[in-house]
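First the structure, in the form of structure tokens, and then the observations on it.
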Amino acid sequence: MTEILLIRHGETLWNQQGRMQGQKDSPLTPLGLQQARQLAKRLAQTSFSTLYSSDLGRAHQTARCIADATGHAVLSDSGLRERAFGIFEGLTNTEIKLRHPELYERFAKRDPHFEMPEGESAARFRDRCVGALETIAARHQGETIVVVTHGLVLDSLYRTAVKMALDLPRGFPLLNCSLNTFRYDDKGWFAAAVCDVSHLDGDDVTRFSDANV
């Protein structure tokens, strides 16, 4: 069995502005850095072997805070990137509705196979990111590892673990710098705990919709 402590990056400027990030990037806000440092303080008291991160800036910036506290090197993996939202990236929901109304209507229906121009479908994205996590997990059998990534990677892994269809509402928020514990063995994925933000002060917990990942 491999235990993965899966983390969503800290709050970013585009999170704050309600912009769809995808594989474009924006820096952590001062609050996002504070979240990352509070999480790092907790992980400094946790035994784990390896620290992985998406290679996108917001995840890597969060991972660097952890590395500074724990002494681990950060191993980057492009397979852990957020879903590519193509022409929607950098826009707010309102802007997407105004500029691409027909595409937005199809996107809002949660069709797993809908692919916006220059982007990924939810199904293709899930196969890519969960596949990357399975490769990493197989590499670290019997270990606990930390993986810093993105909201919809967390969403995809949770849905895989509980066998939830991609077009169904998830039922819990994607929290910045939350600690989410998954286990992987020859039987597949198990979600042990999600949305743990006990390391954050109450005022430091931020919640954003699926659009602002």
Quickly run through the stretch 68-99 and pick out the residues that are free of Cβ contacts under 8 Å to residues at least 12 places away in the same chain and either closer than 20 Å to LEU28 by Cα or small (Gly, Ala, Ser) (or both).
GLY71
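Select from the stretch 1-21 the residues that are of a type in the set (D, E, K, R) and outside any loop (DSSP other than H, G, I, E, B) and list them in ascending order.
The first filter runs over the stretch 1-21 and keeps only residues of a type in the set (D, E, K, R), leaving 3, 8, 11, 19.
If the condition is that a residue be of a type in the set (D, E, K, R) and outside any loop (DSSP other than H, G, I, E, B), then GLU3, ARG8, ARG19 are the ones that fit.
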Considering VAL146, VAL153, which residue is in a helix (DSSP H, G or I) and under 16 Å from the mean Cα position of the chain (by Cα)?
VAL153
If we ask which residues in the stretch 85-98 are touching a strand residue (DSSP E or B) at 6+ places or on another chain (Cβ under 9 Å) and either under 15 Å from ARG58 (Cβ atoms) or among the hydroxyl-bearing types (Ser, Thr, Tyr) (or both), their number turns out to be 4
Selection count where residues are free of Cβ contacts under 8 Å to residues at least 12 places away in the same chain and among the small types (Gly, Ala, Ser), scope the stretch 168-191:
1
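Here's the yes/no breakdown for (1) surrounded by fewer than 14 Cβ atoms within 10 Å (Cβ to Cβ); (2) among the charged types (D, E, K, R); (3) in a loop (DSSP other than H, G, I, E, B); (4) touching a residue at least 60 places away in the same chain (Cβ under 8 Å):
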{"site": "PHE125", "(1), (2), (3), (4)": "no, no, no, no"}
{"site": "THR135", "(1), (2), (3), (4)": "yes, no, no, no"}
{"site": "GLN141", "(1), (2), (3), (4)": "yes, no, yes, yes"}
{"site": "LEU166", "(1), (2), (3), (4)": "no, no, yes, no"}
Which pairs do you get when a residue that is crowded, with 24+ Cβ neighbours inside 10 Å, found in the stretch 52-67, comes within reach of a residue that is among the charged types (D, E, K, R), reach meaning Cβ atoms under 8 angstrom, with the pair 6+ apart or on two chains?
TYR52/ASP77; SER53/ASP77; SER54/ASP77; SER54/ARG81; SER54/GLU82; ARG58/ASP25; CYS65/ARG37
Which residue, of ARG106, ARG124, is under 18 Å from ALA84 (Cβ atoms), modelled with pLDDT of 95 or more and charged (D, E, K, R)?
ARG124
Condition check for GLU3: under 15 Å from GLY151 (Cα atoms) and acidic (Asp, Glu):
no
Would the stretch 187-194 turn up any residue that is over 28 Å from HIS113 (Cα atoms) and surrounded by fewer than 17 Cβ atoms within 10 Å (Cβ to Cβ)?
yes
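Quick check, is ARG110 surrounded by 12 or more Cβ atoms within 10 Å (Cβ to Cβ), touching an Asp or Glu at 6+ places or on another chain (Cβ under 8 Å), of a type outside the set (Val, Ile, Thr) and at negative phi?
Here the answer is no, as ARG110 does not meet what is asked.
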Within the stretch 22-43, how many residues turn out to be under 17 Å from SER178 (Cβ atoms) and either outside any helix (DSSP H, G or I) or at pLDDT below 95 (or both)?
2
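The values are calculated or read from the model by the stated rules, or taken from the named source; none is laboratory data. Source: prediction; values computed, not measured. Note that each Cβ is placed from the backbone with ideal geometry, even for glycine, and that neighbours are counted across all protein chains shown.
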